[in-house]
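Worksheet: the structure to be examined is printed underneath.
The values are calculated or read from the model by the stated rules, or taken from the named source; none is laboratory data. Note that this is a predicted model, so its numbers are computed, not measured. Note that we place each Cβ from the backbone using ideal geometry, even for glycine, and neighbour counts take in every protein chain shown. With ligands, DNA and RNA removed, areas are computed over all heavy atoms of the protein, side chains included. Shrake-Rupley method; radii C 1.70, N 1.55, O 1.52, S 1.80 Å.
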Amino acid sequence: MSATVAEAAPVAAAQPFRLTSWQAWGLILIAPYLLIFLFFVIYPIGYGLWLARSPASYVHLAEDPIFARAVVNTLIFLIVGINVKMAIALLLSGFFTNERRWIRWLSVLFILPWAVPSIPTILSVRFMLNPEWGVVNSLIFRFTGEDGPNWLNDPSLALTLAIGVHIWKSLPFWTLILLAGRLAISADMYEAASVDGATKWQKFLHVTWPSMRTLYVTCTILSMIWTLGDFNSVYLLTGGGPADLTHVLATLGIRYLRLDQVDASMAAVVCAMPFVLPLVYVLMKRLSK
């Protein structure tokens, strides 16, 4: 009886998979972005890794004293530049919470270095530091009667100026981010601290900093990732000179390209990945919490 019923039951035909109209439109609209990501992100990264595949390229880098100097410069750039920048941004975020009108106008001027493109701003600083006709040395000669220094001819001074330009250029952005974090803190917490007789420093230590610590650390990590790829601050100001002694990993590849050493240029970029990947991992872990 059961066999008869089974034979009588219609066999369900396999239905072919068909996209709905919404799914089809979704694929059509996302296809251009996937193609752009493939050709302008995946392909360049893959091609760069393929060019840097030879172990001889890394042996050449290890034997080049300029590469070792660039690694040291990169560490100095990160440790000094980021910590100074973020500490100043934290202080200025407190300053710009003031509601006075002249401070609001000052905030508009303060944001200009970040809003204006890097090439004209950094090149203008380079022209100002020209030892012969730059405005800085002209003012020194006018007020002291003595010639000013050749600012970009000393490696230590040139790297310090490059760090200063980086801080000046990116400081407004991080100040705005931390300012938004300060404004998100409830005013009731500050009022309660005032009732308890807390000083300004105690309010910062026990109210402001605990509320902003996560934001501050996250911004610091993100700033480290971006600073590792900061090409403009060094190359537009010093060009890696004098004598290639102010290069960082972000600009060192250009030096090898000029020497027609494409594999070494790509290998220098790959050498920055041990710095970048742990920072990206830590940042993603923090953002996923």
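State which residue pairs qualify: first residue without any contact (Cβ under 8 Å) to a residue 60 or more places away in the chain and outside any loop (DSSP other than H, G, I, E, B) and inside segment 253-267, second residue among the polar types (S, T, N, Q) and open to solvent by less than 50 Å² (accessible area, probe 1.4 Å) in any location, beta carbons under 6 Å apart, and separation of 6 or more residues or different chains.
Filtered contacts from segment 253-267: Gly253/Ser265; Tyr256/Ser265; Leu257/Ser265.
How many residues are open to solvent by less than 50 Å² (accessible area, probe 1.4 Å), of a type outside the set (Ser, Thr, Tyr), in a helix (DSSP H, G or I) and in contact with a helix residue (DSSP H, G or I) (Cβ under 7 Å, 6 or more places away or on another chain) if we restrict to segment 33-65?
Within segment 33-65, residues that are open to solvent by less than 50 Å² (accessible area, probe 1.4 Å), of a type outside the set (Ser, Thr, Tyr), in a helix (DSSP H, G or I) and in contact with a helix residue (DSSP H, G or I) (Cβ under 7 Å, 6 or more places away or on another chain) number 3.
Quick one: which of Ser194, Ser233 is surrounded by fewer than 18 Cβ atoms within 10 Å (Cβ to Cβ), polar (S, T, N, Q) and outside the structural domain of Leu49 (by the TED database)?
Working: Ser233 fails: surrounded by fewer than 18 Cβ atoms within 10 Å (Cβ to Cβ).
Only one candidate qualifies: Ser194.
Does Ile30 satisfy being open to solvent by less than 90 Å² (accessible area, probe 1.4 Å), at pLDDT 90 or above and assigned to a helix (DSSP H, G or I)? Explain how you work it out, then say what you get.
Values: open to solvent by less than 90 Å² (accessible area, probe 1.4 Å): yes; at pLDDT 90 or above: yes; assigned to a helix (DSSP H, G or I): yes.
Yes: the conditions hold for Ile30.
Among the numbered conditions (1) touching a Gly at 6+ places or on another chain (Cβ under 9 Å); (2) assigned to a helix (DSSP H, G or I), tell me where Pro131 comes up short.
The one condition Pro131 does not meet is (2).
Considering each residue of segment 236-257, count those that are among the polar types (S, T, N, Q) and either open to solvent by 20 Å² or more (accessible area, probe 1.4 Å) or farther than 14 Å from Leu161 by Cβ (or both), and give that number. Break it down into steps so the answer makes sense when it comes.
As a first pass, look at segment 236-257 and keep what is among the polar types (S, T, N, Q): 238, 246, 251.
Now drop any that are not either open to solvent by 20 Å² or more (accessible area, probe 1.4 Å) or farther than 14 Å from Leu161 by Cβ (or both), which leaves 251.
Matching residues across segment 236-257 total 1.
Could you list all residues from segment 81-118 that are of a type in the set (Lys, Arg) and either open to solvent by 40 Å² or more (accessible area, probe 1.4 Å) or in a loop (DSSP other than H, G, I, E, B) (or both)? Before you say what the answer is, go through the steps one by one.
Applying the first criterion (of a type in the set (Lys, Arg)) to segment 81-118 yields 85, 100-101, 104.
Residues satisfying the conditions are Arg100, Arg101, Arg104.
Of these, Ile163, Ile167, which one is in contact with a Lys or Arg (Cβ under 7 Å, 6 or more places away or on another chain), under 26 Å from Val282 (Cβ atoms), at pLDDT 90 or above and open to solvent by less than 60 Å² (accessible area, probe 1.4 Å)? Step through it out loud before you land on a result.
Values: Ile163 fails: in contact with a Lys or Arg (Cβ under 7 Å, 6 or more places away or on another chain).
Only one candidate qualifies: Ile167.
Taking Leu179 as the residue in question, decide whether it is open to solvent by less than 60 Å² (accessible area, probe 1.4 Å), over 26 Å from Ala70 (Cα atoms), among the hydrophobic types (A, V, I, L, M, F, W, C) and at pLDDT 90 or above. Talk me through it step by step, then tell me what you get.
Details: open to solvent by less than 60 Å² (accessible area, probe 1.4 Å): yes; over 26 Å from Ala70 (Cα atoms): yes; among the hydrophobic types (A, V, I, L, M, F, W, C): yes; at pLDDT 90 or above: yes.
Yes.
Could you look through segment 168-189, keep only residues that are of a type in the set (Gly, Ala, Ser) and assigned to a helix (DSSP H, G or I), and pick out the one that is farthest from the chain's Cα centre (by Cα)?
If we filter segment 168-189 for residues that are of a type in the set (Gly, Ala, Ser), which is where we start, we get 170, 180-181, 184, 186-187.
Cutting the leftovers down to assigned to a helix (DSSP H, G or I) gives us 170, 180-181, 187.
Values: Ser170: 9, Ala180: 19, Gly181: 19, Ala187: 32 Å.
Of everything passing the filter in segment 168-189, Ala187 is farthest from the chain's Cα centre (by Cα).
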